[in-house]
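Okay, structure first, notes after.
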Amino acid sequence: MRTIVPGRTAKESVLRRVTALIGAFALVLLTSVVVVAEAEPAQAGPAECGPYGDRFFQQAQRGDGRPSGPPTGTDPKAIDLDYLGGHPRALYSWTLVDAELEVKRLVLVAQTSTRTFDDPGTAGQFTTAPNSRRIIFCFGESPDPSIAIVKDSTNYVDTDGDGVSNTPITAPDTVEYTLTVTNTGNVPVDDVRVSDPLATIGSCAPSQPSTLQPGASMTCSATIDVDQAYIDDEADLLNTATATATHEDQDLEDSDTFDIPIQRTSDLTLTKTSTNFPDGNGDGVADSGIDAPGDIDYAITVENTGNVTVTGVQVSDLDVDSLACPTLPADLAPGQTADCTATTSVDQATIDAGGDIVNTASTVGRVGNRPVQDRDTYDVPIILSPSLSLEKTSTSFPDGNGDGVADSGIDAPGDIDYEFEATNTGNVTLLDVTVTDPDLDTSTCAVQDLAPGASYTCQGSTTVDQATIDAGGDIINTATAVGDVGTGGQVGANDSFDVPIVQDPRLELDKNSSSHPDGDGDNTADSSITAPGDVDYTYEVSNSGNVTIQGIGVGDIVSTGDGSGPISVTCPQTTLAPGESTSCTGTYPVTQDDIDASSDVVNTATVTGTAISGQDVFDSDGFKVPVANTPAISVSKGSTNYPDTSTPPDGIADTSLTGPD
């Protein structure tokens, strides 16, 4: 587990280190000022002093052992040195007159030999060897054992030396440290060791425990495995390495703290898509829209895209009918995901409303007391395809092959009965659907709302009069269906039906005689003409077709043995509607020549007319009146006072004789 120094934050530790550095710098600066003020410039000590050569007293000798010139060194007045005589061995006495110094070593340097006396005291005598050259008193400094440890990281480097890594920890990792212990004193130190309560100490060079001479160092490696628990913590990775050592009976210790900030990113990312209305380009809008009632199936994924554990993660979606998250609520570690599924049912009312089906899923969790949340919206466009069809047929003049033209035409005035079927062929409910036909005389069509796929059937009829039949052509009329779309606008459809008009213009002529009738219908009068007189003809003209005929006229030319000639025929009507007829008359006067010629009176009449539609029509009929040629002489006797007025005379007086006369 990680240990946090009570009451000390990473920032406070940095401030303490900076304050300590500033204090140390000020102390060094102050000491430097004192030295500069009280001491002579330092000079390099003789090698014979070994570790005690920082401060020394040196007296050169002549060949006979006497002093040669005044003393030199860092402290030329520290020793009272007296030459007592002698040659070639010289006798000297000495006394330490500077109480602040301590003689660490006395060195007598001869031409061929050197004698060394450590800790000679504060006064004494000595005899130099022949050919002496120098007398050296080595003072050094007072024993000052000390150590210093510097802690740094090799993979989270502190480039500015403030004890804080310039690179933060963002994910679990192994932090690698170097721990360097240096003998910063002026005497050797023993039992040098390093420790770090949070780190695992690796190898040390030299290995610990170690003895370090002044200025020497021991370097150790150390590691800390930072797991997710460290990342989830609210503090930096702040830990302290400690170095310990001994000098004689004195314990030495130093420590150094290294701070690695932990950069925490609390983030959840929610992604919402659809499995049956996918989004290929990832713009959050389905590639294809919904055009009919049905389900939209969603896939929802929440991922911890931060670097700290988010607890109590939940997903909600208020716009769906069902939501299933098998693994939630749960804690999500960085990179961990949880999947949900959701479904929303789209009804016809939603399709009718148009627009887009846009809904949003949300996720929320916590890092400590702070909420972490995200949301994502998915858009499924509603595709509106309003459409209406209309089929018009006739129940009285059916269309067997569906080409919109009746199989048989109309040839007489009457009704054409129609049927209309309006169908919503789109995907949107149509409002106030109406079916109209300006050519109808009656209609049962009413206003209707039609759901997609629904149909409405109504009827109507139109009355065809004789004028329409006379006009000919086709009876073509168009019905129109119109419906309103709830989102605005209208849709419509129309359909036409064609009932051809079948025209059959015809005239019939039936010729007879009122004076010489034909009782058996063989076009020959039943009686013969025996004497000059009139033959009265009748001409019955009938419109036996289905079109009004106008400009009707009858022509008749008689043919007899005496020749031929026209008969003047009179018709009371010259225009006949279908089924109408008119009786025309004409007279042929039979002359004696016709009788003498002994030839039947034969003639053929022709009736002509023009249909309103322009066709010329005609018909003819012949009639024969036999002529009986009987040569004979007759005597006709009568009385002038008793006349016979009967026709023909019957030879009997009209009055009887009642007495003599």
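The values are calculated or read from the model by the stated rules, or taken from the named source; none is laboratory data. Everything numeric here is computed off the predicted structure, so don't read it as measured data. All Cβ positions, glycine included, derive from the backbone under ideal geometry; neighbour counts span all protein chains shown. Side chains are part of the model used for accessible areas, which takes the heavy atoms of the whole protein and leaves out ligands, DNA and RNA. Shrake-Rupley method; radii C 1.70, N 1.55, O 1.52, S 1.80 Å.
For beta carbons closer than 7 Å, sequence separation of 6+ or different chains, a first residue in segment 396-424 that is among the aliphatic types (A, V, I, L, M) and a second that is surrounded by fewer than 16 Cβ atoms within 10 Å (Cβ to Cβ) and not in a strand (DSSP E or B), the qualifying pairs are A406/P398; I410/V502; I416/S396. Screening V447, V435, V372 for residues that are under 30 Å from N304 (Cα atoms) and in contact with a strand residue (DSSP E or B) (Cβ under 6 Å, 6 or more places away or on another chain) leaves exactly one candidate, V372. Selection over segment 133-167 of residues that are of a type outside the set (A, V, I, L, M, F, W, C), modelled with pLDDT of 90 or more and either buried (at least 21 other Cβ atoms within 10 Å of the Cβ) or farther than 30 Å from F258 by Cα (or both) gives a count of 6.
Mind checking whether some residue in segment 175-193 is closer than 22 Å to N307 by Cα and not in a loop (DSSP other than H, G, I, E, B)? Yes: one or more hits. Comparison of V447, V405 shows that the only residue that is under 26 Å from D474 (Cβ atoms), surrounded by fewer than 21 Cβ atoms within 10 Å (Cβ to Cβ) and of a type outside the set (D, E) is V405.
Is segment 197-211 home to any residue that is open to solvent by less than 50 Å² (accessible area, probe 1.4 Å) and under 10 Å from V181 (Cβ atoms)? Yes; the residues of segment 197-211 include at least one that is open to solvent by less than 50 Å² (accessible area, probe 1.4 Å) and under 10 Å from V181 (Cβ atoms).
Please count how many residues of segment 349-392 are part of a strand (DSSP E or B), of a type in the set (A, V, I, L, M) and surrounded by 16 or more Cβ atoms within 10 Å (Cβ to Cβ). Counting residues in segment 349-392 that are part of a strand (DSSP E or B), of a type in the set (A, V, I, L, M) and surrounded by 16 or more Cβ atoms within 10 Å (Cβ to Cβ) gives 9.
Could you tell me how many of the residues in segment 228-273 are assigned to a helix (DSSP H, G or I) and open to solvent by 40 Å² or more (accessible area, probe 1.4 Å)? Count: 3. Counting just the residues of segment 560-580 that are surrounded by fewer than 16 Cβ atoms within 10 Å (Cβ to Cβ) and over 20 Å from G614 (Cα atoms), which one comes out nearest to the chain's Cα centre (by Cα)? The residue in question is P572. Evaluated against (1) part of a strand (DSSP E or B); (2) touching a Lys or Arg at 6+ places or on another chain (Cβ under 8 Å); (3) under 30 Å from N239 (Cβ atoms), F117 falls short on exactly one condition, (3).
Annotation: of all residues in segment 517-530 being in contact with a Phe, Trp or Tyr (Cβ under 9 Å, 6 or more places away or on another chain) and assigned to a loop (DSSP other than H, G, I, E, B), the one that is surrounded by the most Cβ atoms within 10 Å (Cβ to Cβ) is A525.
Yes or no, residue by residue, for (1) touching a residue at least 12 places away in the same chain (Cβ under 8 Å); (2) among the hydroxyl-bearing types (S, T, Y); (3) in contact with a Gly (Cβ under 6 Å, 6 or more places away or on another chain):
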{"site": "D233", "(1), (2), (3)": "yes, no, no"}
{"site": "L237", "(1), (2), (3)": "yes, no, no"}
{"site": "T246", "(1), (2), (3)": "yes, yes, no"}
{"site": "S255", "(1), (2), (3)": "yes, yes, no"}
{"site": "I262", "(1), (2), (3)": "yes, no, no"}
{"site": "N276", "(1), (2), (3)": "yes, no, no"}
{"site": "N281", "(1), (2), (3)": "no, no, no"}
{"site": "P293", "(1), (2), (3)": "yes, no, no"}
{"site": "N304", "(1), (2), (3)": "yes, no, no"}
